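Comments concern the structure below.
None of the figures in this text is laboratory data; all of them are computed from the coordinates on show. Just so it is clear, the structure is predicted and the values come from calculations on it, not from any experiment. Every residue, glycine among them, receives a Cβ derived from its backbone with ideal geometry; neighbour counts consider all protein chains shown.
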Amino acid sequence: MLKNIYMTSVDDIISKLLFNSRFVCTSRKIRALCTATKLTFMKQPMLLRLQAPINVVGDIHGQFSDLLRVFELAGFPPDTNFLFLGDFVDRGPQSLQVITLLFALKTRYPENVYLLRGNHESLSVNHRYGFYGECKLRYGNHRGHRIWKAFNRAFDCLPIAAVIDNNIFCIHGGLSPRLRRIDQIDKIKRPTRVPKSGIMCDFLWADPCPDIQGWRKNEHRNVSYEFGPDCVIDFLNKFGFRLVVRAHQAVDS
Ligand SMILES: [Mn+2]
């Protein structure tokens, strides 16, 4: 019974966001959604094992109209499956709409919509780059602070990697020199903040660099590494994957 009432309210959030231009959702409902989504993340592993067909989507960064366009082009869940590679919030103007819709879809269709953690799904980062300000602007200082904290408690439970059809390895940022065995990923305990070094940090922050060999300090970001094509080849051979898919950097189309 309780579950039905709750799902009705999630459906309500989804249809409001998809079909109304005005964003209306009480801070209490948003916090309840964050708690439900956090529990959904915790029921699934840190390394997701997914099957094709699935659409893989990179950084949304608060661009709500782009997110809607993705759904219009690819189809809507649950008829179409999605893996989002993180960086849902910050930079763009509508982080709240983006993350609320994605959380509602995740809660409503947990086996059709998957979210990975990006480096912006981190309290210290999204305090600085827009999300915190947007929460306070829309909900006022007190309520805004509370929903921002609630979102970040859920972010601390996001998975950090996915494998599609045992072949395609997906992360937000990049590979890690610390990864020796694939089961190290599932051993990372949640909830967790993003550490300043190690596997989780590299998955969320690292960048590939076509001109180098091996690993070097990532001077652009002041955290994690850049890695050469040889690191990708070694990784694929070692773990038996065929492709690495990542986001984290804009590419000209
Ligand atoms: Mn990023």
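Bin width 5 Å, origin at 0, all Cα-Cα pairs of region 159-253: what percent of pairs per bin?
Bin by bin from 0 Å, the calculated values are 3, 13, 24, 28, 19, 10, 3, 0.
For region 129-178 and region 209-233, what is the centre-to-centre distance using only Cα atoms, to the nearest Å?
24
What value does the chain have for Rg/Rh, both radii from Cα atoms and Rh as Kirkwood defines it?
Numbers: Rg = 17.8 Å, Rh = 18.5 Å.
Taking Rg over the Kirkwood Rh, I get 0.96.
Any idea which of LEU175, ILE164, THR40 is furthest toward the positive side of the dipole for the chain, if Lys and Arg beta-carbons carry +1 and Asp and Glu beta-carbons -1?
The one lying farthest along the dipole's positive direction is THR40.
Helix 131-155 versus the longest principal axis of the chain: what angle, 0 to 90°, nearest 10, using Cα atoms?
Rounded to the nearest ten degrees, it is 50.
For every helix of n ≥ 4 consecutive DSSP H residues, a contribution of -39,500 (n - 2.57) applies; sum these over the chain, divide by its total residues, and give [θ] at 222 nm rounded to the nearest 500 deg cm²/dmol.
That comes out to -14000 deg cm²/dmol.
If neighbour count is taken as other Cβ atoms inside 10 Å, put SER197, SER95, SER124 in order from fewest to most.
The most exposed by this proxy come first: SER124, SER197, SER95.
Please compute the alpha carbon radius of gyration of region 12-56, then divide it by the globular-protein estimate 2.2 N^0.38 Å. Two decimals is fine.
1.55
With axes computed from alpha carbons, what is the tilt in degrees of helix 2-19 against the longest principal axis of the chain, rounded to the nearest 10 within 0 to 90?
Long axis of 2-19 versus the principal axis of the chain: about 80 degrees.
On a 0 to 90 degree scale, rounded to 10, what angle separates helix 27-43 from the longest Cα axis of the chain?
Between the helix axis and the principal axis of the chain, the angle is about 40 degrees.
List ILE147, ILE54 from most exposed to least, where exposure is judged by having the fewest other Cβ atoms within 10 Å.
Fewest-to-most ranking of ILE147, ILE54: ILE54, ILE147.
Using the count of nearby Cβ atoms within 10 Å as a rough guide to exposure, how do HIS248, HIS61, HIS142, HIS127 rank from fewest to most? Mind dumping the intermediate values first?
On the way: HIS248 22, HIS61 25, HIS142 9, HIS127 14.
Exposure proxy ranking, most exposed first: HIS142, HIS127, HIS248, HIS61.
Too long at a 27 Å Cα-Cα cut-off: which of LYS29/LYS196; LYS29/LYS106; LYS149/LYS189; LYS136/LYS187; LYS16/LYS38?
Result: LYS29/LYS196; LYS136/LYS187 exceed 27 Å.
Treat every Asp and Glu Cβ in the chain as -1 and every Lys and Arg Cβ as +1, leave all other atoms uncharged, and give the resulting dipole magnitude about the Cα centre to the nearest 20 debye. Working shown, then result.
Numbers: 35 positive and 23 negative charges, 278 e Å.
The dipole magnitude comes to about 1340 debye.
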